[in-house]
2 protein chains.
Amino acid sequence: MTRKKNAIISVFDKTNLGDIANFLIKKNFTIYSTGGSSQYLKKLKIPHVEISNYTKQKEILGGRVKTLHPKIFGGLLSTGSSSHQKELKKEKIINFDVLIVNLYPFSDTVRNSKNSHKIIEMIDIGGHSLIRAAVKNYKKTVPIVDPLDYQKFIKNFPQTEISKKKYAIKAIQQVTEYDVSITNWFQGIQTEEYSLRYGENPQQKAIALINNKSFTQVSGHKKLSYNNLLDLDAAINIAYGSKANENICTIIKHNIPCGGAMKKTQKESYKKALMGDPLSAFGGIVAFNKKLSANTASLLVKNYYEVIAAPDFEKEALTILKTKSNLRVLKVKKFINKVEQRSIFAGALIQDTNRKVSSIKAINGNNKLKKNKIDFFINILKYIKSNSIALFDQDSLISQSGGQTSRVDALHSCFYKLGLRHNKKVIKKLFLFSDAFFPFTDSLEFIKKQKLKIDIYTPMGSQNDSKIIDYVKRNNLNCFKISDRHFKH
Amino acid sequence: MTRKKNAIISVFDKTNLGDIANFLIKKNFTIYSTGGSSQYLKKLKIPHVEISNYTKQKEILGGRVKTLHPKIFGGLLSTGSSSHQKELKKEKIINFDVLIVNLYPFSDTVRNSKNSHKIIEMIDIGGHSLIRAAVKNYKKTVPIVDPLDYQKFIKNFPQTEISKKKYAIKAIQQVTEYDVSITNWFQGIQTEEYSLRYGENPQQKAIALINNKSFTQVSGHKKLSYNNLLDLDAAINIAYGSKANENICTIIKHNIPCGGAMKKTQKESYKKALMGDPLSAFGGIVAFNKKLSANTASLLVKNYYEVIAAPDFEKEALTILKTKSNLRVLKVKKFINKVEQRSIFAGALIQDTNRKVSSIKAINGNNKLKKNKIDFFINILKYIKSNSIALFDQDSLISQSGGQTSRVDALHSCFYKLGLRHNKKVIKKLFLFSDAFFPFTDSLEFIKKQKLKIDIYTPMGSQNDSKIIDYVKRNNLNCFKISDRHFKH
């Protein structure tokens with residue numbers, strides 16, 4: 001003789017509830033229900049038992065405690081073992097075989113209310129506990145948390161152990177995501193899922209999880225793309241990463257800084273940043289560290305950019321930028337991430353974001369750059385893919401090359417681009433930054449051959465350090481040690 | 001008159017439990033406890049009430065149901081409101097003000113056992129529910145989940161609302177991480193935290209989360225670094241990403257393929273991959289798609305590499321590789337991630353991994369490459385940073401350049417490196433791959449000027465497509481459209 005089957009129904013989302021409830025009745029289940037679900041079943045004239053009639057415990061604390069009762073959890077957590085079954089009998093507890101529960105999405109609560117009392121009240125305790133109990137005991141108690149699964153359950157009744165496990169996986173995933181939302185809310189992190197048309201390429205589906213305290217789009221009818229957001233990351237880290245009183249502007253293309261300048265006025269900072277590589281700037285992202293002036297805005301709209309980002313905008317500046325309906329304008333409040341995660345084939349890599357402020361020590365000659373310039377230049381260097389070489393004049397990026405497997409190739413490409421876009425003859429002084437040590441003196445020979453006045457800033461740490469130092473001194477090159485390596489891949 | 005305070009103690013980790021329990025007694029709390037915690041308190045002669053004496057419900061189902069009782073949850077979830085307090089009085093429920101609970105780490109369970117029945121038995125339901133209830137009601141009921149917090153609690157007693165919230169945040173974080181472990185286990189994902197000396201640079205702290213089904217280190221006394229793991233990602237995606245019967249070898253440096261070949265024999269595939277850029281290969285990562293032969297191993301040890309990866313190793317091959325104690329040798333089972341996540345300043349970007357197999361369509365001329373070669377070449381292209389250009393001979397990578405903000409710069413750098421490392425005069429035929437469309441005909445002019453036999457493979461989609469097609473036909477260049485763009489940043 002098989003024992004009679006029992007199901008619990010306690011759902012927020014009542015979609016298709018009649019279908020599954022009627023099916024359970026047809027299969028001779030007794031349904032136990034509570035609150036809104038019970039009222040809904042009543043309307044549909046589906047017979048069921050009120051949970052409080054079974055537990056003899058009425059709902060207390062305005063519904064805060066309804067199902068948290070040993071008669072419920074005993075029935076969810078019991079196995080078919082004779083010792084379990086004997087205990088249940090003694091305690092007058094019935095077995096539950098199916099649990100139909102879903103929770104009001106906490107992320108919707110947070111979106112729809114600013115009242116923290118109301119939000120806390122929405123944290124589900126009972127339903128969440130029911131689901132976890134059924135997950136633990138899924139071989140006996142099937143948890144169904146998604147109304148879209150009712151038809152599958154009906155079609156495949158009775159479920160195999162493999163299919164029961166699938167219900168358990170979906171259920172534990174759902175409650176975990178629910179608690180991630182709660183955790184984020186408690187920490188003041190409000191992450192919104194931002195749908196993207198696609199990822200880095202059209203064949204890649206993608207979404208973004210954006211902290212809604214980080215930025216807001218104040219103009220532009222098009223949404224940001226995956227690549228825009230990735231570029232914005234570099235742009236904001238460079239623009240906001242330097243604690244400078246002066247005006248910073250940076251231009252990013254293909255996630256690489258192709259322009260960057262620090263000047264007294266914002267307009268000058270933009271003009272100098274653009275001059276670094278006017279060809280690459282086309283279609284790029286431009287970021288500023290200070291409120292955007294109308295002055296700068298009128299210059300910006302003369303070129304084609306995809307995104308302009310700044311902490312704030314003069315009213316008139318915004319009016320000017322809004323004349324370009326395709327131009328996305330972002331008010332970026334602050335940056336959030338101090339830790340960055342990146343997937344690899346085998347899992348994930350998690351590291352602190354490279355916010356280290358490096359110091360400089362002379363190897364030969366006198367340093368002519370002020371500390372805030374050095375910090376800014378290194379901030380730019382940090383966002384050029386390794387191996388990287390960057391050339392600066394007194395206050396801006398003039399040429400750069402990265403993504404190279406050999407340092408001397410990066411040097412060559414950097415000087416080649418310098419010659420393409422600038423008149424080498426009028427260049428008075430250059431500051432060359434390397435993201436890691438020179439492995440051999442060939443790089444220094446190459447720099448010397450350029451016959452330009454170049455001060456070199458580089459980390460050390462090569463086996464050939466003594467040869468490098470020797471070469472620098474013998475040839476009287478101005479050379480300064482950067483305290484840290486700044487790889488970026 | 002203030003009411004009497006009550007605390008629940010139910011801990012797995014009993015570190016410092018005497019300190020906090022004695023303190024609570026001193027502060028006139030009544031302690032309610034159960035199971036092992038109660039026994040421990042008895043030994044310390046700390047007075048307390050057995051929870052089952054209070055609920056009048058004995059533990060059932062071998063401890064599966066102990067605390068899941070309205071008299072417990074009512075006391076955890078009650079606020080100070082008069083309606084709540086009236087109800088509690090009527091139901092003979094007491095208020096709980098402090099909850100001291102910690103759970104046996106589920107990740108340890110999984111590490112220490114392969115028995116799924118035992119693992120499931122370790123999924124905590126009661127303690128977890130207690131913690132979540134206290135989190136919801138943290139303003140009244142402080143949840144303490146970490147024994148290291150007892151001293152802080154004692155020192156700052158009574159806690160402010162701000163400090164209570166901090167306990168709640170820690171508690172919800174802990175139970176969420178606990179459920180993430182369970183979710184991973186259910187899905188068959190076993191992630192191990194792999195400590196790293198540092199991240200991309202020494203100033204960045206880092207850890208790796210590695211799926212222990214993905215690879216095992218079979219030789220080398222040094223552990224993998226952050227940059228090794230990042231390079232391994234590119235290496236494995238290229239080596240394992242092509243469904244080829246032939247032998248594939250790829251060499252990665254700075255997360256960029258500097259070598260890649262597909263040949264009949266493994267030894268030839270390695271020799272050709274190395275010939276692509278012998279300079280950059282130094283210190284790189286070498287990956288193969290097939291079991292490593294002793295033959296190949298004896299060649300490999302002649303050069304300096306950091307990592308060798310393959311699906312398996314001939315016994316003798318391993319013996320040969322083990323002679324280099326610094327060389328890390330990895331047996332890579334399979335790749336896992338189909339979805340990749342990447343942090344940005346404002347949150348995270350999540351996208352499908354680019355595993356698209358593109359098709360080719362002639363614009364002008366006849367394609368001379370077999371499908372498996374094209375797939376392999378595009379797989380290499382996918383891992384060169386954008387804008388990227390790669391040059392191949394019949395079966396291997398000959399030169400590449402990426403990380404460029406302008407396509408024509410990438411072309412220039414690629415051909416410059418070709419000339420540096422290869423004798424252009426002996427090159428019979430080249431296959432040029434571009435990761436995205438040529439925006440102008442200047443790139444084609446540049447290619448034509450090289451005076452080499454070059455077949456061009458490129459995605460289309462520029463506003464100047466018609467000009468590009470026109471140029472290709474007029475100059476009778478062999479040119480083929482790749483169906484998809486393959487940006488990588």
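The values are calculated or read from the model by the stated rules, or taken from the named source; none is laboratory data. Small disclaimer: the values here were computed from a predicted structure and weren't measured. Counting neighbours? That spans all protein chains shown, and the Cβs are built from the backbone with ideal geometry, glycine included.
With the structure loaded, tell me whether residue A:405 is of a type in the set (Ser, Thr, Tyr), more than 21 Å from residue A:252 (Cα to Cα) and over 30 Å from the mean Cα position of the chain (by Cα) or whether it fails that test.
In short, no.
Residues to consider are B:366, B:379, B:423, B:354; find the one that is more than 11 Å from chain A (Cβ to nearest Cβ), surrounded by fewer than 24 Cβ atoms within 10 Å (Cβ to Cβ) and in contact (Cβ under 8 Å) with a residue 60 or more places away in the chain.
That would be B:366, the only listed residue that is more than 11 Å from chain A (Cβ to nearest Cβ), surrounded by fewer than 24 Cβ atoms within 10 Å (Cβ to Cβ) and in contact (Cβ under 8 Å) with a residue 60 or more places away in the chain.
Which of the residues belonging to region B:383-407 are within 9 Å of chain A (Cβ to nearest Cβ) and outside any strand (DSSP E or B)?
Within region B:383-407, B:384, B:385, B:386, B:387, B:388, B:402, B:403, B:404, B:405, B:406 meet the criteria.
Among the strands (runs of 3 or more DSSP E) lying completely within region A:209-276, list those that include at least 1 residues that are more than 22 Å from residue A:421 (Cα to Cα).
In region A:209-276, the matching strands (runs of 3 or more DSSP E) lie at A:215-219, A:247-253.
With the condition kept exactly as written, say whether any residue in region A:97-111 is free of Cβ contacts under 8 Å to residues at least 60 places away in the same chain, charged (D, E, K, R) and crowded, with 18+ Cβ neighbours inside 10 Å.
Checking region A:97-111: not a single residue is free of Cβ contacts under 8 Å to residues at least 60 places away in the same chain, charged (D, E, K, R) and crowded, with 18+ Cβ neighbours inside 10 Å.
Quick grid of which residues meet (1) within 14 Å of another protein chain (Cβ to nearest Cβ); (2) surrounded by fewer than 22 Cβ atoms within 10 Å (Cβ to Cβ):
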{"site": "A:255", "(1), (2)": "yes, no"}
{"site": "A:267", "(1), (2)": "no, yes"}
{"site": "A:289", "(1), (2)": "yes, no"}
{"site": "A:295", "(1), (2)": "no, yes"}
{"site": "A:307", "(1), (2)": "yes, no"}
{"site": "A:313", "(1), (2)": "no, no"}
{"site": "A:317", "(1), (2)": "no, no"}
{"site": "A:329", "(1), (2)": "no, no"}
{"site": "A:347", "(1), (2)": "yes, no"}
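Of the numbered conditions (1) among the charged types (D, E, K, R); (2) without any contact (Cβ under 8 Å) to a residue 40 or more places away in the chain; (3) outside the structural domain of residue B:260 (by TED's automatic domain parsing), residue B:136 fails exactly one; give the number of that condition.
(2)
Could you tell me whether residue B:373 is farther than 30 Å from residue B:468 by Cα and in contact (Cβ under 8 Å) with a residue 60 or more places away in the chain?
No; evaluated as a whole, the condition is false for this residue.
Going by what's in this entry, would residue A:349 be described as farther than 25 Å from residue A:245 by Cβ and either in the same structural domain as residue A:477 (by TED's automatic domain parsing) or hydrophobic (A, V, I, L, M, F, W, C) (or both)?
Judged against the criteria, residue A:349 is a match.
Looking at (1) within 14 Å of chain A (Cβ to nearest Cβ); (2) touching a helix residue (DSSP H, G or I) at 6+ places or on another chain (Cβ under 6 Å), can you tell me which one residue B:263 breaks?
(1)
What number goes with the only condition from (1) part of a loop (DSSP other than H, G, I, E, B); (2) modelled with pLDDT under 95 that residue B:476 does not pass?
(2)
Can you give me the ranges of the helices (runs of 4 or more DSSP H) entirely in region A:49-150 with at least 2 residues that are at pLDDT 90 or above?
In region A:49-150, A:51-55, A:70-77, A:82-90, A:116-121, A:126-136 are the helices (runs of 4 or more DSSP H) which contain 2 or more residues that are at pLDDT 90 or above.
Please tell me if residue A:165 is surrounded by fewer than 23 Cβ atoms within 10 Å (Cβ to Cβ), more than 30 Å from the chain's Cα centre (by Cα), in contact (Cβ under 8 Å) with a residue 24 or more places away in the chain and within 9 Å of chain B (Cβ to nearest Cβ).
Judged against the criteria, residue A:165 is a match.
Please give the number of the condition residue B:421 fails out of (1) within 26 Å of residue A:419 (Cβ to Cβ); (2) at pLDDT 95 or above.
Exception for residue B:421: condition (2).
Scan region B:136-162 residue by residue and report those that are in contact with a Ser or Thr (Cβ under 9 Å, 6 or more places away or on another chain), buried (at least 17 other Cβ atoms within 10 Å of the Cβ) and at the interface with another protein chain (Cβ under 10 Å from one of its Cβ atoms).
Within region B:136-162, just B:137 meets the criteria.
Would you please name the residue that is nearest to the other protein chains (Cβ to nearest Cβ), looking only at residues in region B:179-208 that are assigned to a helix (DSSP H, G or I) and either more than 22 Å from residue B:131 (Cβ to Cβ) or hydroxyl-bearing (Ser, Thr, Tyr) (or both)?
For region B:179-208, the residue satisfying everything is B:183.
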